[in-house]
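For reference, the structure I am asking about is given below.
The values are calculated or read from the model by the stated rules, or taken from the named source; none is laboratory data. These numbers come from a predicted model, not from an experiment. We place every Cβ from the backbone using ideal geometry, glycine too, and count neighbours over all the protein chains shown. Only protein heavy atoms, including side chains, enter the accessible area calculation; ligands, DNA and RNA are left aside. Shrake-Rupley method; radii C 1.70, N 1.55, O 1.52, S 1.80 Å.
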Amino acid sequence: MADRMHAMEFRAVGEPLRPVECSLPCPGANELLIEVSACAVCRTDLHIVDGDIAGPRPVVPGHEVVGRVIAVGEGVAGFAVGCRVGVPWLGGTCGACAYCMSGAENLCDAPTFTGFTRDGGFATHMVADSRYCFAIPDVYDDVEAAPLLCAGLIGFRSYRMAGDARRLGLYGFGAAAHVLAQVAVGDGRRVFAFTKPGDSAGQDFARRLGCTWAGGSDEAPPEQLDAAIIFAPVGALVPEALKRVRKGGRVVCGGIHMSDIPAFPYSDLWGERQVVSVANLTRDDGIAFMDRVGRDAVKVITTTFPLAQANEAIAAVRAGSIEGAAVLLP
């Protein structure tokens, strides 16, 4: 086993990630030392490097990680050396606050987050708390599996919060929406995809994945929606989506950060419409989602980049120039 590792490190807003080399870390109690096979690039990684959300620095980003266990710490259960493992955004919780005690660990008062408050997967190796890792369904290879660890997981939590919406709108058709659309279509839902105005390629992509309709976010769909999920971090889409949902409908904000929501008439909210946000994930979300996509596989569309091109991958995600998800390969 090698005794050195490489990573792409974030040090300051406005600076590109820089390559670093260091000694392999040793796993502590309940921890796994993982050799990274693939790590997807999430929009949350953009929010981190742009300073939209602030955490300790320097840090190695990346929280959609697939790899193999090469060492285990004391007390690890469920994983052994050689196992394939997935590492998500939620890296740990306190287990003692009112939220953790009530089953809402995604709202923990003292959480840790992979690639934000602890080093993540933009690296050849990383350490993760085994209690917050997931087994990956065998039907996916490493590259396909990586975007499932956040785009899929947070998309699935958003989907469940949307309720029994037979007509579901998805605003922002990127990594999360392209997975979720397939899950929803598989459930018999009618999916309406909203892209940036004029993005005909993105709209064609949505229709190829089974969406009933695809158009610009400034367009009205052909019928009212039962619910809408907003994946794009654009606050102005909230009042836009409210105009498109029926009375009693729900708008789910599925990102960790969003620009400010502009003022809008109360009449757009009236009629018992709701606006809710999704925060992080629970381990139960992960288990349920992996079971679901293990039984009913989805097609995960990816574009790969070498680890050393992490900055180029981030730029591609920012520009929306790729279909599906960007994935880094060590």
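Would you mind classifying region 65-175 by shape? Square roots of the alpha carbon gyration tensor eigenvalues, ordered a ≥ b ≥ c; an a/c under 1.5 is rounded, otherwise it is prolate if a/b is larger than b/c and oblate if not.
Values: a/c = 1.98, a/b = 1.25, b/c = 1.59.
Note, shape of region 65-175 comes out oblate.
Now a separate question. Classify region 1-158: rounded, prolate or oblate, from the alpha-carbon gyration tensor (a ≥ b ≥ c, eigenvalue square roots; a/c under 1.5 rounded; otherwise prolate if a/b is larger than b/c)? All intermediate terms of the calculation are to be shown ahead of the outcome.
Working: a/c = 1.28, a/b = 1.01, b/c = 1.27.
Taking the square roots of the gyration eigenvalues as a ≥ b ≥ c, region 1-158 is rounded.
Under the rule of at least 5 residues apart or a separate chain, name every residue whose amide H is placed under 5 Å from the amide H of residue 255.
When sequence neighbours closer than 5 places are left aside, the close amide H contacts are 278.
Now a separate question. Tell me, in nm to one decimal, what length is gained between residue 102 and residue 299 on full extension, where the rule is 0.36 nm per residue of separation less the Cα-Cα distance?
Full-extension gain reported as 67.4 nm.
Roughly how many debye, to the nearest 20, is the charge dipole of the chain about its Cα centre, given +1 on each Lys and Arg Cβ, -1 on each Asp and Glu Cβ, and no other charges?
Values: 29 positive and 37 negative charges, 162 e Å.
Dipole of the chain, to the nearest 20 debye: 780 debye.
Give, rounded to the nearest 20 debye, the magnitude of the charge dipole that region 210-330 has about its Cα centre when Lys and Arg contribute +1 at Cβ and Asp and Glu contribute -1 at Cβ.
Numbers: 11 positive and 14 negative charges, 35 e Å.
Dipole about the Cα centre, nearest 20: 160 debye.
Another question about this same structure. For region 206-330, max minus min Cα coordinate along each principal axis, in Å, sorted largest first?
51, 34, 30
What does the accessible area per residue of region 60-213 come to in Å², with a 1.4 Å probe and no ligands, DNA or RNA counted? Working shown, then result.
Working: 5400 Å² over 154 residues.
Using a 1.4 Å probe on heavy atoms only, each residue of region 60-213 averages 35 Å².
Also, quick follow-up: With a 10 Å cut-off between alpha carbons and a GNM built on the chain, which of 217, 23, 130 moves the most?
23
Can you figure out the FRET efficiency of residue 218 with residue 29, using R₀ = 56 Å and their beta-carbon distance, to the nearest 0.05? Mind showing how you got there, number by number?
Working: r = 52 Å, r/R0 = 0.94.
Using R0 = 56 Å, I get an efficiency of 0.60.
With N residues in region 24-110, what two-decimal value do you get for its Cα radius of gyration over 2.2 N^0.38 Å? Could you put the intermediate results ahead of the total?
Details: Rg = 14.8 Å, N = 87, 2.2 N^0.38 = 12.0 Å.
The value comes to 1.23.
Using only the alpha-carbon atoms, what does the chain span along each of its principal axes? Please give whole angstrom values in decreasing order.
Result, largest extent first: 60, 41, 37 Å.
For the chain, with the dipole built from +1 on Lys and Arg beta-carbon atoms and -1 on Asp and Glu ones, taken about the Cα centre, which of 61, 122, 165 lies farthest toward the positive end?
Looking along the dipole axis, the top candidate is 165.
Which residue, 175, 228, 29, has the most motion in a Gaussian network model of the chain that connects Cα atoms within less than 10 Å?
29
I would also like to ask the following. Calculate the dipole size of region 259-330 relative to its Cα centre from +1 charges on Lys and Arg beta carbons and -1 charges on Asp and Glu beta carbons; express the result in debye to the nearest 20.
With Lys and Arg at +1 and Asp and Glu at -1, about 200 debye.
Please build a GNM for the chain, connecting alpha carbons under 10 Å apart, and tell me which residue among 211, 108, 253 fluctuates the most.
108
Then there's this: Once R0 is set to 22 Å, what does the formula 1/(1 + (r/R0)^6) return for the Cβ-Cβ distance between residue 311 and residue 57, expressed as a FRET efficiency to the nearest 0.05? Each step should come with its number before you reach the end.
On the way: r = 16 Å, r/R0 = 0.74.
Efficiency at R0 = 22 Å is approximately 0.85.
Considering only protein heavy atoms and a 1.4 Å probe, what is the carbon-and-sulfur percentage of the accessible area of region 6-140? The partial results should precede the final answer.
Details: 2780 of 5360 Å².
Carbon-and-sulfur percentage of accessible area, whole number: 52.
Shifting gears a bit: How large is the helix-only mean residue ellipticity at 222 nm for the chain, computed as the sum of -39500 (n - 2.57) over DSSP H runs with n ≥ 4, divided by its residue count, in deg cm²/dmol to the nearest 500? Show your work: numbers first, answer last.
Numbers: 10 runs with 82 residues, N = 330.
Calculated mean residue ellipticity at 222 nm is -6500 deg cm²/dmol.
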